[in-house]
Amino acid sequence: MAGARHRRPTRDLTRAPHGPEQALTALEALQGMTVNAAHAAGEEHEAGRIAVGHRADLTVLAADPLTTAATGLPDVPVLLTVLAGRPTHRDASL
């Protein structure tokens, strides 16, 4: 999500943005990783959103990716990862 927003390699933010006119908003980047990715995979009826009847695949972050600066996203801790309804990662703080 970070690279789609700031258009630079996350490991080297000193580099000039590549194609800055193609930068996505925070919401567009989030949708690209969720509902739009599910649609591209032909799974829009079973994945890509938190909804009844959809697979429970989700990640809980320690900060809101819509309000966190793009340059700060790589440093946001992952608190919980769930695949098909089963936790695969749980931070000790939970």
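The values are calculated or read from the model by the stated rules, or taken from the named source; none is laboratory data. In this text, all values refer to a predicted model and were calculated from it rather than measured experimentally. Don't worry about glycine lacking a Cβ; one is built from the backbone with ideal geometry, like all the others, and counts go over all protein chains shown. We work out accessible area using only protein heavy atoms, side chains counted, and drop any ligands, DNA or RNA first. Shrake-Rupley method; radii C 1.70, N 1.55, O 1.52, S 1.80 Å.
A few points about this structure:
- Of all residues in the stretch 1-47 being under 12 Å from the mean Cα position of the chain (by Cα) and not in a helix (DSSP H, G or I), the one that is surrounded by the most Cβ atoms within 10 Å (Cβ to Cβ): Met1
- The residues on offer are Thr68, Thr81, Thr59, and the sole one that is β-branched (Val, Ile, Thr), under 15 Å from the mean Cα position of the chain (by Cα) and in a loop (DSSP other than H, G, I, E, B) is Thr68.
- The listed residue being β-branched (Val, Ile, Thr), over 28 Å from Leu13 (Cα atoms) and at pLDDT 95 or above, out of Thr67, Thr88: Thr88
- Whether a residue is assigned to a helix (DSSP H, G or I) and free of Cβ contacts under 8 Å to residues at least 12 places away in the same chain was assessed, and Ala51 does not pass this test.
- Some residue of the stretch 74-87 being open to solvent by 70 Å² or more (accessible area, probe 1.4 Å), farther than 14 Å from Ala2 by Cβ and of a type in the set (Ser, Thr, Tyr): no
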